[in-house]
Structure formats: C-alpha cells, structure tokens
Amino acid sequence: MPPETSRRLPRILAVVNQKGGVGKTTTAINLGASLAASGRRVHLVDLDPQGNASTGLGSEAMTRDHSTYDLLLGDAALSEASRPTQIENLWLVPSTSDLSSADIDLMTNERRTHLLRNVLRAESVASLGADYVLIDCPPSLNILTLNAMVAADALVVPLQAEFFALEGLSQLMLTLREVRQSANPALRIEGVVLTMYDRRNNLSQQVEADARGTLGEMVFQTVIPRNVRLSEAPSHALSVLEYDPQSSGARAYKALAGELMAREAREVAE
Ligand code: ADP
Ligand code: MG
C-alpha cells in the first residue's frame, strides 16, 4: 500500500497543444466538470494569460485576488489561490494578464521551469484532498507551458480534426522528450483527444484515421463532436454539463472522463 501522503496528492494533468483554438480550454473546463460530476475533486489552474477558462467559469477579472501568477511566484499556495466555482467539486485558480510577462519576469530565475511543480507538489497540497489538478495551457511552448509539463504527471492533447493537425504534434513531442530528459522523466501522454469532430465530414474521418494510424492507443476512443452548446456554455459561466446535459458535447466529455478514469485504473493494475 502506498504511503498516506502519496495517495492524497492529486494527479496533475496538463492540457497542451501549442496551436490556438484547438479546444484546450473547452477540454479543461468540460473534462474538469465531468470528473467533478463523478465525485472527483478537481482544481483547474488557468495558465493562459488570456484567461478564457477563468472567464468561462465565471471569475470576473476584477475579483481575482490570487492568481496563477501568485502560484508561480510562490506568493500563494494552491489552497489560497484556488476558489470554488458554481460547479460542485470544481475549483479554479484564475489567470491574470500579468502572466503574459512571465517569460521576461522569470528570465533570471534559475528554477523558472520548476515553479509550478514546486507549488503543485508541495506537501500542503496533499491536505486539500484533491483528486486532479488540470492545467489549461496557453497556445505556445513558452515558459508557462514548460512549467506545466515539468509539473504534470501526464498530458492531455486536444487535436482539432482539421488539416495539418498532426504536424503540430511533432514539435510537442520534441518538447516532451526534452522535458523528460531534463526535468520530468515520468511525464507521459495520457491521451490525444480529437476535438470539433464532424462525422459527416471526410476530412474529420481522415484526420481520425491518420491519428489512430500514427499514434495508436494514445488516441482516446472518445471523440468530441463539433457542438454549438460547447461554445455557448462559457458565456453562462457554466460547463456544458449544466448548460445542456443532453447535448452531444456534454455526453462526449462525460465519456472522455470515464475513459480517462478507466485508463488510470488499468495503469494502476498493471
Ligand atoms: P484553445 O483553448 O485551444 O485555444 P478553445 O477551447 O478556446 O481552444 O476553443 C476555440 C473555440 O472553439 C472556442 O470559441 C470554443 O468555444 C470553440 N470550440 C471548442 N471546442 C468545440 C467543439 N467541440 N464544438 C464547437 N465549438 C468548439
Ligand atoms: Mg485556451
């Protein structure tokens, strides 16, 4: 049996893809909400200076007293920076625009890629009783995304079912290899999830076939369909599960959470 503390540390998943608009934030919010709906305690860390996950979960920019930036700088612990959302079991560490200068601000800090790891793996985090920390990354492979990759146990990679989708992955894989070699040897890819999938569209099917052919088991069986409910939900500060529980988007993200938890159970058993 593992020691008490290691059991209570949350699993850290970073949602990454250096391309913008591929569904990272939508996945972070709705996968987070789906895990929360299954009774898991989830803390979502918004690591994108644009703050879409924060806004989408109803955090007003003016009221963000503690932010991801405070976490990075060690000015706040996870328990201080994380606040409840309208969704039960889902907490948020909001981002602020000052994150956008992190690259420059942290340039002279020798531990600059380990800042998030240090706070998310601090002993105090175990007492939070969280099951997951989900990190919503910015659309770049910058110092912020590196912090997420150094901190994470595994990556969830949304892949938009579009032309050239796979090309961006090679850069991400190179970075993954570097992070493994230098800072986080245990880092894995939890899974690649196809987003904005349109079953009637040949291109979607072709991208899916390519992805499954190239990446095999790494690709989640669950695909996320293009569903307007997913794009509407954030303006109501809700996940799609509350906004329209019967929508194809809600069903897909619940299935994705189920698949993720099943994968974990299998990994533990192996
Ligand atoms: P990223 O965080 O990678 O930049 P987002 O999650 O913000 O991407 O998604 C980009 C845009 O596409 C947003 O307007 C979002 O609402 C929309 N979107 C994301 N996933 C879907 C989907 N499955 N169906 C319809 N719209 C989606
Ligand atoms: Mg985003």
key: Candidates E242, E267, filtered to the one that is away from ligand 1 (no atom under 15 Å from the Cβ) and at pLDDT 95 or above   = E242
E190 being in contact (Cβ under 8 Å) with a residue 12 or more places away in the chain and either away from ligand 1 (no atom under 16 Å from the Cβ) or among the aromatic types (F, W, Y) (or both) = yes
request  = Using the structure shown, decide if L203 is more than 16 Å from ligand 2 (Cβ to nearest atom) and within 29 Å of A265 (Cβ to Cβ).
outcome  = no
request  = Tell me the helices (runs of 4 or more DSSP H) entirely within region 1-117 that contain at least 2 residues that are away from ligand 1 (no atom under 16 Å from the Cβ) and either on the phi > 0 side of the Ramachandran plot or at pLDDT below 95 (or both).
outcome  = 4-8, 68-73, 78-81, 102-105
task = Considering only region 121-177, state which residues are away from ligand 1 (no atom under 14 Å from the Cβ), assigned to a helix (DSSP H, G or I), among the hydroxyl-bearing types (S, T, Y) and under 20 Å from V193 (Cα atoms).
result = S170, T175
query = Restricting to region 8-31, what's the tally of residues that are over 16 Å from P49 (Cα atoms) and more than 11 Å from ligand 2 (Cβ to nearest atom)?
reply = 8
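The values are calculated or read from the model by the stated rules, or taken from the named source; none is laboratory data. Just so we're clear, the structure is a prediction, and the values are computed from it rather than from any experiment. In this analysis, Cβ positions are derived from the backbone assuming ideal geometry, glycine residues included, and neighbour counts consider all displayed protein chains.
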